[in-house]
Every structure is written in C-alpha cells, then in structure tokens.
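Chemist: Let me begin by handing over the structure; questions about it come next.
The values are calculated or read from the model by the stated rules, or taken from the named source; none is laboratory data. Every value quoted in this text rests on a predicted model; they were computed, and no experiment measured them. Backbone-built Cβ (ideal geometry, glycine too); neighbour counts: all protein chains shown.
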Amino acid sequence: MSEPSSTMSPRSGETSGTIPSRAASSPSAPIITISDTSFQYTHDDTGVGAANPTVADFASGNATSPADLALSHVNLVIRPGETVMLCGQSGCGKTTVTRLVNGLIPNFFHGPLTGTQFVCGLGGDGANGAENVPIESLVPLVGSVFQNPKTQYFNADTTSELAFPCENIGMPSADIRARVAEVARRFGIEHLLDRSVFTLSGGEKQRLAVAAATMLHPQVIVMDEPTSNLDATAMRDLHNMVAELKRDGVTVVIAEHRLAWCADLIDRYVRFDGGAVAGEYTAAEFGKLLAEQLEAWGLRAIDLAPYRAALQAKTGVAGIVPDGGEMAERTPVGHPLPAHDLNDGLPSEQGTSQPLAIAKTETSSDMPAASSVGPVIDSAGRHPSVASVLADPSEPQTECQSFVIGNVPIIATHDLTVGYRRAFRRDIADITLYGSEIVGLMGRNGAGKSTLVRTLCGLQRPLAGRILLHDAPARPTALTRAGFLVMQDVNYQLFADSVREELLLGLGDADDVIRQPVDVPIAPLNAAQSSSSGAASHGMSVRDGNTDVQPSATPYLHPATLGEQADRVLESLDLLPFAERHPMSLSGGQKQRLAIVSAIMCGKELIVLDEPTSGLDRAHMMQVGALLRGLADRGKAVLVVTHDEELAALWCDRIIDLDREVGA
Amino acid sequence: MTDVPVGRSGPRAGLRLDPRAKLYLLLLANLLLFFHVDTRGEAIMVALFLLPLFAAGRWRNGLRLAVLYFALLGLGLWSDAVTLDGAGGGSGGSLISMMDGGANVGDGTAAAWATVGHVAGLLSVGIRMMMPCLITGAYAFTTTSISEFVCAMRRMRVPEMIVIPCMVVIRFFPTIAHDYRQIRNAMALRGIAAGRFALVRHPVQSLEFIIVPLLMNATFVSRDLSVAALTKGLGIAGEHTCMTVIRMRWFDWATMAVCTAPMALAIGGVL
C-alpha cells in the first residue's frame, strides 16, 4: 500500500522511508477506521461555521443549538483501494469526517472528540488529547482537496504549488523537479505548469489541486466537495483523475453533494444524516435506489440524463427566442407559462415527473422563503410557481403592465460583443430577457458567461453592439441602475451594520426613516420622503394601488415608511427575525437572500445570480429555485448563471447555452 | 523551472542575477540615500543599477526609469543654474534660498524664475534621491519569482517564521486586488459611492464600505489557506527545501563588486 502506483516507484522510496507505513502489513486491513466517534465544533458560527460558506446554513444552526453534535457515534471502516462517497445533506457530518481523516480535526478545528480513529495505521483514542496524531505525520499519507479552488493555493504559481508539499518534507530539489514533471505527465496537466494560479479557470485550479494532493504519493485522498464550482467538462476531467487514482490503488474518500459525476467509480456510498451514518450501500445497491428515495434523503440525482434531456428541450427554445417571434406569441398568455412549460417538457422523460412532483411539494411545505414571496407584491398569489397575474389582472407591477401590453423585453441585446480590450472577445447571439421569466445561462468555464453578465449589468462596456433596456438603447450606467448581480461570493455585497440598514443603504436620505419605529400601524404618510427616494417610491406606489384590493392580507399593508417596506420585504424572505443582526453573522443562504432583498428594495428589474447553488444540497437548491420563481413572479427578469443541471432543468424557463451558440 | 515573476509575468529573456545579489543592490541603493552621495556618484550608481534591468530584457521599464531619472537630473541642474544667477546666492535646492526667492517675488522676472527654479529643484532632488531605490526595487520585484525569493531567504537561513509571512503577503496581493474590484462592482450595483469622485467626497464612509468586506474576506481566505497549507505540511518541523535552485555565479559577484566600488569611493570622498 505504500506504493500506490508502479509508475512512480523510483521516487516513492524516499517518501515511504520517512513514513510509518504500517498499513502495508496486510492488504485487507482497513486503512481508515473510525469507531464510535463523536465530535462537536467549539467555535461559534463566525469561526468554523463559515469554513464552507455554502454549507454554513447548517453550521450556524449547529452553533445556535450546541447540543447538536457534528458527529455522533460514527463507525466507518474503509479498506485500502476503496473509493467511497460520503453523501448527505448540508451539515450531515460528511465534511467533518474528511477533516478527521486528514487530521484537521483535532489539530486545527478544536472540540471535544471521543472514540478512536485510525488513519493509515496512525491514530488512537481521540478522548485522550495527548495521543492525538499530529497533522504533520499525516501529511505524506493523506492528500486533501478542498471545495473552493480559489483559496486552497498557498503559492501564486502553479509549479510552486505542486512543489510545495515536497519542499515541506525536505526533498532535494532535483527530486522535486522530477516529481513535478511526473505528476504533471500522469494527469496530463503539463500545460498548466509555470502559470500564475490567478489566471487558471476553476476547473484547471481543481485539477491542479488534485495533482498537488498526490505529490507525496499518499495512500488516501480526501476530497471535500471538489466539484461545487465546476462545469460539466471540468467534472469529467476530475472524474478521469479520480479514475487514475483508483487504478493506482489509492483510497479515495469524496464528500459530495453532486453524485452523478463519478458514479461509475464509487465502490461504496455512506449516507450521513444529522451527524450519524444513516446507511451504507454498495454501488449496485445505491444504483437501484429510486430517484425519489434519493430526493427524500435530500441527495442530488445520481443519473442526470433526464435533467440533460429537459435542458436540451429548453435550450431549443432559446434558439427561437432571439427573433422574438415565438416569445411574442407566448408571453401575453405568458405568466403561467414558466411552470407549465416545466411540466410539458418533463413528463415525457421517465422518472423525471417524480422530481417535479417533489419540487412542488417542497415548494409548498419546507420552503417558507418562496411561498411567502407572493404577499409582498400581490397578496393574492400564494403559489409562487403559477403566476398570479391572470388571477389578479390588476397586477400593479409596472414592468408587468408594460410587459403584458407592449411585450417589451426588459433587456435585449443586438450584435453584442463582450470582452476585454485585449484579453478576451466573444460575440453573443442576440438575447432577450423578459420579466417574469427565469433564464438559465450555461456554458463551460471561460465561455464568457460572467463577462456577458457584467456587461448586461453595466459593469463593463460592450466592445460592440447595443443593449436595449425597455427597447431603448441604454448606457452602462442605466444598466447598472436597472440590473443587479448576486455574486457567487455574497460577502462582497453586504456593507451595512445590520440587516435592516443593509436594505436602506443607498436609498438616499433614508437615514431618519431607518430609525422610525416599524410597527406604527398607519403612520402619517410622508409622501415627500417616499417619492424623493427614487428607487423605493416605485414600490411604494405599487403597494398603494394594491391596498384596496387586499386590505387585510398582510399586517403591514399600509406603507408608511421605507423602514416598514424594508421589514415587509425582509419578512417575505424570512429575514425579519434577523433584522438587527450584522449581515456577516448570517449563514450563507441568508446572506444570499439578503443580497436579493437589497436588489428588490432598489427596484431592480433584472436580477442576475452567479452560481447561486454551488455546493448546495438538493433541498437548498430547491429553495433557491423557489426563490428565483418568487422573483420572477414579481415581474423581474431573472438570469441565472449556473453549471447546476438540476437547478436549470427544474426551475429555468429557458436556457441560453453559450457553448452551443458558437456554432449557431 | 519556475520563472513566474512576483509581478506580472512577461518575457523572460536575458540574464538575471541571483536574488541575493538583487537584495544586495537594494541595500546599496538604500545606503546611497542614507549617505547622501553627491550627484555625480549618484548618476554613476543609477547607470549601474539600470544595467541589470536591461540585461534581464526589461527594456521598456528600464528606459522609462532612465528617462525619468535623467530628466529629473536635468531639471535639478537647470534649477541650480537659474537660482545661482537669479537670486545670486544659496546652494541649489536649499530650502532657505527658496524662501528668499519666495519673499522677493516683486523683484522681477529673474526672481520669479528663481522661485520656479527653487521649487523645481526641491521636487526634482527629492524624487531623484528615491530613484536608485525605485530602480533596484523594480528590478528585484519584476524579475524574481516567489519561489526564488523564498529559496534565497531559506539559503540565507532566515527563520521560517519570517519566510512564511512573506509568502502569505505575496500570495495576498492579487487576492486583495481582486476583492477590491469585486467590492467596487457591488457598490456600483447598489448605487453606493458610485462614480469616480464618490470616494473623494465621502472618504470615511467609502473606506468603511470597502475595508469591512475586504477584511471579512481576508479572514475567510486566511483560514482556508491555513487549512490547505497545514495539510500540505507547512507545519512540518525540520528543514524545508526548495525546488528552484539558485546559485551565485561570477556575474553576480562581479555586479556586486562593480556597484560597490563607486559607492565606496563616493562615500570616502575620493570620487
């Protein structure tokens, strides 16, 4: 076992010389044994909880109820050469297990640990702190790949990053160079050598991360959600790397939400739930499980074929839309269209009607975020998926009005070329974005998705072509006023001291309004204030019109102040209990919602989300989807940049595929 | 093998010095400033400092710095000339003579010229004296890869507790630049401090809006980096090696000697 591959034997002698390789004694002896292990993070949620910002939903929940253990009485045995998938919902403990294996627990993440853990023959009684295995002794034995490709590099250039582990164990420089060349050849990443890490795409970064993890020829590789930021191509590359490792007899432990990308390589699935092992399945057993069973467990689909087919169908729509013909015909009837379209496309695919059914039930049951989105704009609409415009024709949203009557797209592009002056240039087929519609923007890493999105939001100038806002050519500043981008890393977008102030920030002279007591029932309307603060006034008048239609639907129906409106919007997205909290103390999902809420407050019409579901389990993905639907139901044009085929298939009304457009 | 420079990666033709020789040049430049070497010695030193930059193939950079230095030198000489025959006294660039010139503006055009000359002299001398440091610094920064730098530090037996923070700082520069751009974008989208002059009009508020998310992200990134570095053995005791080989060759020693000589002579008052 100390010699995972024969190809690398010339060098592995030296490393294994310094390594206690007891596991080599008998081939069938387990390489990882975790028995009766419980663990609890001692840090608060601002410490560890945000270690994986995307699973922070759990972590904060964990912190608020200290009784919850990250792991409780876990027993897990992994034999050499096995490829094991740890799956389960966010916060189920799978990441914690990977940290046990690579020694970050208890060396870096502290907390009470009980039970025994043996990794590659090293280990002992976790309860006895003195006998903890120092993380340094695990370095040559366990390689680690982490979730975020941006932050797992210690060096600024790729070759140094590969050399880094070897340098740290004190290998001679000639050997390091030979090892770098060997690993690069093995994984076919020679072209990535000698480059700045900051110029690599997400997929390239993750391949490099795997290569760096294998530099010391470890017996075990643990991967913590390695694909959360990757596109399909990059996942295939990663799959091939895992296959290579498996062929060489390396034990691979993957903690992951997305199950499909390496399904053919997995020997065994371990499902975690609430910090305990809820079930172990061989690949065959797991493959036989029904899709709805996986969904009930909150797992992503193992077979993406139906989703891909649905995507295909939706991308077909995109081909017709640019000339406006079909859309023009469809949209006046259009508002219910999104949901129906979803239904029409899918049932033909066997097995996918089920996910949809679940999507519906989840929407109504465990997605308070979505189901309560309705009341803010039109109190009648309780079903976020079916637009309520037809039920309530006097839908007061102005965009919608113009949308229904004139059928004017919010954003349209003509002969657009996006890019940077020298570095990058890309022609974009004409795009039309209407209100009340969720459009998915897909394409491989580096296809120009983010450049396009930045151009649509006015953050950079188009190299050529025009962007029309409500059918009139718009300058970038106007686009910036009309559009909003929810960044993948929401932390950049939150500025204020409290959640409520966050909403009122940038609304002009709203300062005194913030301090206004909120639950004053009908404060004298300071009309001057509300109309002067331009962005919000629009929303206010909307509410005015609505008042007589639905007088008692929500307690805060009479708009008095911006502060009240802010609270109402907050409530609609379940953020009201946190109104006084500091935005940075929220969980990842809450931060995302807060950013969206701030966009709603600013009266933005186009809301773009960049990878909103990366690293999310199924339930959270569905929650985000419902949120998107809620936005669309408010008449916003929603554009989602995503690699998540499940999200795109279940929630997007149509798909713009930048890869495909190249040929067209 | 690793030739990605600390700064922007560019053409890497030509001859490059050992990082330790570069550090030595940087030290010399600082000594030059410290000992206030006279103009002639300074010009010679600057010329010598510019040579390695050209040898490394950084023509544009080298020319720009050379032009800047000699323009400043010319300006300084001109101001000397003007002030000497204008106000009729005082050494060029001295603050007292400049104030004199300022007081006697009414005396006519000569005095006005003298004032201009004094101000120009003051500025040119001030900036010019920094130039040797700038030139050697630019050379060291643009032609040294991080791994070379780290290797040099390890060879010089600098303790790891200094080496690692240096690596982290270098690693963080691009991250901060990227974060800053993202935050400015986010502010533009929210209509907070948008526009070119907003930062100037509300400096404190803008600083807060930028600094807080910047620090928040730095916290997250630093934790992730620590985790990644620990699992790759940064904490292992014992000697850490370097993949990059650095070697002091004859031209390293020669450069150091050639640059030291005029310096020593100038300080000794011979030159």
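Chemist: So is residue B:238 at pLDDT below 85 and in contact with a Lys or Arg (Cβ under 8 Å, 6 or more places away or on another chain) or not?
Modeler: no
Chemist: Answer yes or no as to whether residue B:260 is within 30 Å of residue A:107 (Cβ to Cβ), touching a helix residue (DSSP H, G or I) at 6+ places or on another chain (Cβ under 9 Å) and either in a helix (DSSP H, G or I) or not assigned by TED's automatic domain parsing to the domain that holds residue B:56 (or both).
Modeler: no
Chemist: What's the number of the only condition in (1) among the aliphatic types (A, V, I, L, M); (2) modelled with pLDDT of 85 or more; (3) under 30 Å from residue B:53 (Cβ atoms); (4) not in a loop (DSSP other than H, G, I, E, B) that residue B:248 fails to meet?
Modeler: Checking residue B:248 against (1) among the aliphatic types (A, V, I, L, M); (2) modelled with pLDDT of 85 or more; (3) under 30 Å from residue B:53 (Cβ atoms); (4) not in a loop (DSSP other than H, G, I, E, B), the one that fails is (4).
Chemist: Please pick out the residue among B:238, B:191 that is in contact with a Leu (Cβ under 9 Å, 6 or more places away or on another chain), of a type in the set (Gly, Ala, Ser) and within 9 Å of another protein chain (Cβ to nearest Cβ).
Modeler: B:191
Chemist: Does residue A:187 qualify as being of a type in the set (Phe, Trp, Tyr) and under 29 Å from residue B:176 (Cα atoms)?
Modeler: So residue A:187 does not fit the description; no.
Chemist: Regarding residue A:117, is this residue more than 12 Å from every other protein chain (Cβ to nearest Cβ) and either in a strand (DSSP E or B) or buried (at least 18 other Cβ atoms within 10 Å of the Cβ) (or both)?
Modeler: Here the answer is yes, as residue A:117 does meet what is asked.
Chemist: Moving to a separate point now. Can you confirm whether the range B:177-185 contains a residue that is within 7 Å of chain A (Cβ to nearest Cβ), surrounded by 14 or more Cβ atoms within 10 Å (Cβ to Cβ) and modelled with pLDDT under 85?
Modeler: Checked the range B:177-185: no residue is within 7 Å of chain A (Cβ to nearest Cβ), surrounded by 14 or more Cβ atoms within 10 Å (Cβ to Cβ) and modelled with pLDDT under 85.
Chemist: Is it true that residue A:141 is farther than 25 Å from residue B:164 by Cα and more than 8 Å from every other protein chain (Cβ to nearest Cβ)?
Modeler: No: the conditions fail for residue A:141.
Chemist: So, in the range A:455-475, of the ones that are within 14 Å of another protein chain (Cβ to nearest Cβ) and either over 28 Å from the mean Cα position of the chain (by Cα) or closer than 15 Å to residue A:605 by Cα (or both), which residue ends up surrounded by the fewest Cβ atoms within 10 Å (Cβ to Cβ)?
Modeler: The qualifying residue surrounded by the fewest Cβ atoms within 10 Å (Cβ to Cβ) is A:475.
Chemist: How about the range A:428-473: which of its residues are free of Cβ contacts under 8 Å to residues at least 24 places away in the same chain and either among the aromatic types (Phe, Trp, Tyr) or in a strand (DSSP E or B) (or both)?
Modeler: Result: A:472, A:473.
Chemist: Looking at the range B:241-251 only, could you name the residues that are surrounded by fewer than 21 Cβ atoms within 10 Å (Cβ to Cβ) and either within 7 Å of chain A (Cβ to nearest Cβ) or closer than 21 Å to residue A:152 by Cα (or both)?
Modeler: B:241, B:245
Chemist: Could you tell me which residue of the range A:477-500 is modelled with the highest pLDDT, considering only residues that are over 19 Å from residue B:188 (Cβ atoms) and in a helix (DSSP H, G or I)?
Modeler: Going through the qualifying residues, I end up with A:499.
Chemist: Here's a check for you: in the range B:140-176, which residue that is hydroxyl-bearing (Ser, Thr, Tyr) and out of contact with any Asp or Glu (no Cβ under 8 Å at 6 or more places or on another chain) is surrounded by the most Cβ atoms within 10 Å (Cβ to Cβ)?
Modeler: Residue satisfying both the conditions and the ranking: B:143.
Chemist: Mind counting the residues in the range B:203-221 that are free of Cβ contacts under 8 Å to residues at least 12 places away in the same chain and not β-branched (Val, Ile, Thr)?
Modeler: Residues meeting the conditions: 6.
Chemist: Next question, about the same structure. Tell me yes or no: at least one residue of the range A:95-104 is at pLDDT 85 or above and surrounded by fewer than 19 Cβ atoms within 10 Å (Cβ to Cβ).
Modeler: No, the range A:95-104 contains no residue that is at pLDDT 85 or above and surrounded by fewer than 19 Cβ atoms within 10 Å (Cβ to Cβ).
Chemist: Now, a different point. Can you name the residue in the range B:194-214 that is more than 10 Å from chain A (Cβ to nearest Cβ) and of a type in the set (A, V, I, L, M) and, of all such residues, is surrounded by the fewest Cβ atoms within 10 Å (Cβ to Cβ)?
Modeler: Here the residue is B:204.
Chemist: Determine whether residue A:212 is assigned to a helix (DSSP H, G or I), within 13 Å of another protein chain (Cβ to nearest Cβ) and among the small types (Gly, Ala, Ser).
Modeler: yes
Chemist: Can you tell me which residue in the range A:154-184 is surrounded by the fewest Cβ atoms within 10 Å (Cβ to Cβ), limited to those that are more than 7 Å from chain B (Cβ to nearest Cβ) and under 19 Å from residue A:203 (Cβ atoms)?
Modeler: Among them, the one singled out is A:184.
Chemist: Sticking with this one: Is there a residue in the range A:148-162 that is at pLDDT 85 or above and of a type in the set (A, V, I, L, M, F, W, C)?
Modeler: Among the residues of the range A:148-162, at least one is at pLDDT 85 or above and of a type in the set (A, V, I, L, M, F, W, C), which makes the answer yes.
Chemist: Any residue at all in the range A:191-204 that's in contact (Cβ under 8 Å) with a residue 60 or more places away in the chain, of a type in the set (S, T, N, Q), more than 12 Å from chain B (Cβ to nearest Cβ) and buried (at least 24 other Cβ atoms within 10 Å of the Cβ)?
Modeler: Within the range A:191-204, not a single residue is in contact (Cβ under 8 Å) with a residue 60 or more places away in the chain, of a type in the set (S, T, N, Q), more than 12 Å from chain B (Cβ to nearest Cβ) and buried (at least 24 other Cβ atoms within 10 Å of the Cβ).
Chemist: Does residue B:163 meet the test of being part of a helix (DSSP H, G or I) and within 22 Å of the chain's Cα centre (by Cα)?
Modeler: yes
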